[in-house]
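Presented below is the structure to which this report refers.
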Amino acid sequence: EIVRAGAIGEVQTVRSSFTFTVSDERNVRLQASLAGGSLMDVGCYCVSAIRHFMNAEPIEAQASAVIGARTQVDEAFTGILRFADERLAVFDCGFRAAFSAGYDVMGVNGRVEAPHPFNPHGQATTIFVQRGTETEQINFPVAPAFQFMAEHFAECVLEGKPLRYGEADSLNNMRTIDALYRAARRGRTETVGRG
């Protein structure tokens, strides 16, 4: 809401990260036969946040992945997304680094930083809005995120309300993820498909 209201001006760049360590190869995240890998497990949140804050779909993707020798899944992944109006976004995700989850949204007049947006582990959440030399801190109490999602879905089913993020959003997120996988595999810039 802060970004969409124009508080930081037009968004120019978004940076996002979601990492934590996984060492047990029996973990589903590290099993190629079960579609494991960091991009689909946690990087998808970074991609979704980027698309949300850019309020547009990327046109190109560049990426690099570290494929585990034993697991054969992407244990670390970094991507760059280019948008039609010369705006860029970058993210990293993986299972080889300590826990880090957050995003920075940089506009022409300021920035919004959220250090723990994706999974606050039952903790209060804080975001920071910086404009010039002033920084505003906004605190949110502990909230049952999974409960809120289940309640929203139940309202949609029982009351016929539209999903906050519908099938078009999911398909566009997957088109971007598919382009990132191709870019990492082929070692070149890939076009993001259109629906």
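The values are calculated or read from the model by the stated rules, or taken from the named source; none is laboratory data. Quick caveat, the model's predicted, so the values are computed rather than measured. Note: ideal-geometry Cβ built from the backbone for every residue, glycine included; neighbour counts use all protein chains shown. Accessible surface areas use protein heavy atoms only, side chains included; no ligands, DNA or RNA. Shrake-Rupley method; radii C 1.70, N 1.55, O 1.52, S 1.80 Å.
Inside segment 20-32, residues that are hydroxyl-bearing (Ser, Thr, Tyr) and modelled with pLDDT of 95 or more make up a count of 1.
Among the residues making up segment 87-96, those that are under 11 Å from the mean Cα position of the chain (by Cα) and open to solvent by less than 10 Å² (accessible area, probe 1.4 Å) are ALA89, PHE91, CYS93.
Does ALA84 fit the bill of being over 12 Å from the mean Cα position of the chain (by Cα) and open to solvent by 60 Å² or more (accessible area, probe 1.4 Å)? Yes: the conditions hold for ALA84.
Please pick out the residue among ALA154, ALA143 that is more than 30 Å from SER64 (Cβ to Cβ) and assigned to a helix (DSSP H, G or I). Within the list ALA154, ALA143, the selection yields ALA154. Of the residues making up segment 156-195, those that are over 24 Å from VAL90 (Cβ atoms) and either surrounded by 12 or more Cβ atoms within 10 Å (Cβ to Cβ) or among the aromatic types (Phe, Trp, Tyr) (or both) are CYS156, LYS161, LEU163. Does any residue of segment 157-168 turn out to be modelled with pLDDT under 95, in contact with a Gly (Cβ under 8 Å, 6 or more places away or on another chain) and part of a helix (DSSP H, G or I)? Looking through segment 157-168, at least one residue is modelled with pLDDT under 95, in contact with a Gly (Cβ under 8 Å, 6 or more places away or on another chain) and part of a helix (DSSP H, G or I).
Taken over segment 106-118, residues that are over 12 Å from the mean Cα position of the chain (by Cα) and in contact (Cβ under 8 Å) with a residue 24 or more places away in the chain amount to 7.
State all residues of segment 100-139 that are open to solvent by less than 90 Å² (accessible area, probe 1.4 Å), over 21 Å from THR78 (Cα atoms), not polar (S, T, N, Q) and not in a loop (DSSP other than H, G, I, E, B); if no residue qualifies, say none. Across segment 100-139, the qualifying residues are GLY107, ARG111, VAL112, ILE127, PHE128, VAL129, GLU136, ILE138.
Of the residues making up segment 39-81, those that are among the small types (Gly, Ala, Ser), crowded, with 17+ Cβ neighbours inside 10 Å and farther than 19 Å from ILE8 by Cβ are GLY43, SER48, ALA61, ALA63, ALA65, GLY68, ALA76, GLY79.
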